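The values are calculated or read from the model by the stated rules, or taken from the named source; none is laboratory data. Keep in mind that this is a model prediction, so the values were computed, not measured. Don't worry about glycine lacking a Cβ; one is built from the backbone with ideal geometry, like all the others, and counts go over all protein chains shown.
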Amino acid sequence: MITAIIPRLPAKDLAETEKFYKEHLEFETVTKIDDYLVLSRNGMELHFYQNRVMNIQKNNSMLYVRVDHHIKELHDKAVTENLPFTVLGRLEENSWGEIEFSLLDPNHNLLTFGQHKD
């Protein structure tokens, strides 16, 4: 029986990746072994494998991050504070019932945050 689907994302620098997810998205480190990093938050996991030769400008890895509330506050914090990532576009309400915005982590993994429109 399948119990979880856990993304494995590339990271050029595991220490920078760990710092980003802990400081800005409140993840905790579960495991850090050589070229592999496991982070967790609220029972969700992200796995990162180190790829020292990756061209981050060509990285096309993506995650959709569901939030249950406060997406506007999350977006406003991302665009107003001097944070080490790129926010792409603005907070948008889509025709399919989602409020979304996206950002790039230090490895250019695309994180799209979405909340159901109430």
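General remarks:
- Residue ranges of strands (runs of 3 or more DSSP E) in region 1-66 with at least 1 members touching a Ser or Thr at 6+ places or on another chain (Cβ under 7 Å), in contact (Cβ under 8 Å) with a residue 40 or more places away in the chain and closer than 21 Å to LEU83 by Cβ: 8-11, 44-50, 62-66
- Test: residue in region 65-77 that is more than 12 Å from the chain's Cα centre (by Cα), more than 16 Å from PHE113 (Cβ to Cβ) and surrounded by 11 or more Cβ atoms within 10 Å (Cβ to Cβ): no
- Meets criteria (of a type outside the set (D, E, K, R) and more than 17 Å from PHE20 (Cβ to Cβ)) for LEU104: no
- Here PHE101 does not fit the description of being touching a helix residue (DSSP H, G or I) at 6+ places or on another chain (Cβ under 9 Å), in a strand (DSSP E or B), at pLDDT 95 or above and of a type in the set (A, V, I, L, M, F, W, C).
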